[in-house]
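Below is one structure, written out as structure tokens, with a few remarks after it.
No value in this document is a laboratory result; all are computed from the given coordinates. Fair warning: this is a prediction, and the values are worked out from it, not measured in the lab. Cβ placement follows ideal geometry from the backbone for every residue including glycine, while neighbour counts extend to all protein chains displayed.
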Amino acid sequence: MKAVIQLVEDCVLTIDDSTLPFSEIDKGLFVLLGVDTDDNEADAEKLARKIATLRIFADADGKMNLSCTDEAINGKFMVVSQFTLCGDCSHGRRPNMFAAARPEVAEPLYEHFSKVLNEECQKYNGTSNNYVVNGKFGADMKIKFTNVGPVTFVIESDELK
């Protein structure tokens, strides 16, 4: 499982050329999630736990020392499924997507990742707030956001201990 994580000031997702937002967040993290063919629930849980409290927001001294759910940040997560993260561009000019999980496997893992991410944030903060909003799996989405920093990280579940 692969995640591209971007620190954002705002993020708005629309579907099928609608002018109304399907989902949106203010300050927080925009997460693109790619599910590989060999991924499972344990990978989703490991990655969600890591991202929930990843300290990449600046503190008062300008050091990356705060997580999205720290009280000083009070951010949210926008999670969007992105199968092209699993594309292989090493041969030829057309990426192959053989490593991307089929939708019937990827969608439940994407949903499980989002559920665990939200539960981890709730546990961390001791609240029942909803910290995660999603795109719509398989939809034609348009996403506008303001990247801060820019701060962008790529994390793969098989690299986590």
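Shape of the range 1-95 from its Cα gyration tensor (a ≥ b ≥ c, root eigenvalues): rounded if a/c is under 1.5, otherwise prolate when a/b > b/c, or oblate? Write out the running numbers ahead of the final one.
On the way: a/c = 1.98, a/b = 1.35, b/c = 1.46.
Because a/c hits 1.5 or more and a/b fails to exceed b/c, the range 1-95 counts as oblate.
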Principal-axis tilt of helix 41-52 within the chain, Cα atoms, nearest 10 degrees: 30
Spatially near lysine pairs across the chain, Cα under 16 Å, sequence gap of 8 or more or different chains: 18
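The range 17-64: which GluC sites (Glu not before Pro) are DSSP loop and have at most 13 other beta-carbon atoms within 10 angstrom? Show your work: numbers first, answer last.
On the way: sites: E24, E41, E45; in loops: none.
Within the range 17-64, no GluC sites (Glu not before Pro) qualify (loop, at most 13 other Cβ atoms within 10 Å).
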Starting with the highest mean, order 155-161, 26-32 by the number of other Cβ atoms within 10 Å, averaged over the residues of each peptide. 26-32, 155-161
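With n ≥ 4 as the cut-off for DSSP H runs, can you work out [θ] at 222 nm for the chain, using -39500 (n - 2.57) per run divided by the number of residues, rounded to the nearest 500? Write down the numbers at each step before the final one.
Details: 2 runs with 35 residues, N = 161.
Dividing the helical sum by the residues of the chain leaves -7500 deg cm²/dmol.
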Compute the long axis of helix 103-125 from its Cα atoms, compare it with the longest principal axis of the Cα atoms of the chain, and write down the angle in degrees, 0 to 90, nearest 10. 10
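Can I get the semi-axes of the range 28-77's equivalent ellipsoid? Compute them from the C-alpha gyration tensor as square roots of 5 times the eigenvalues, in angstrom, largest first.
Values: eigenvalues 137, 18, 17 Å².
Whole-Å semi-axes of the equivalent ellipsoid: 26, 10, 9.
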Plugging the Kirkwood radius over Cα pairs into Stokes-Einstein for the range 85-157, at a temperature of 20 °C and a viscosity of 1.002 mPa s, what D comes out in µm²/s? 139
Candidates V151, V116, V133, ranked by Gaussian network fluctuation over the chain, Cα under 10 Å, top entry: V151
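Given C-alpha coordinates of the chain, what is the ratio Rg to Rh with the Kirkwood estimate of Rh?
Rounded to two decimals, Rg over Rh is 0.97.
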Cβ neighbours within 10 Å, averaged per peptide: list 136-149, 101-114 in order, most packed at the top. 101-114, 136-149
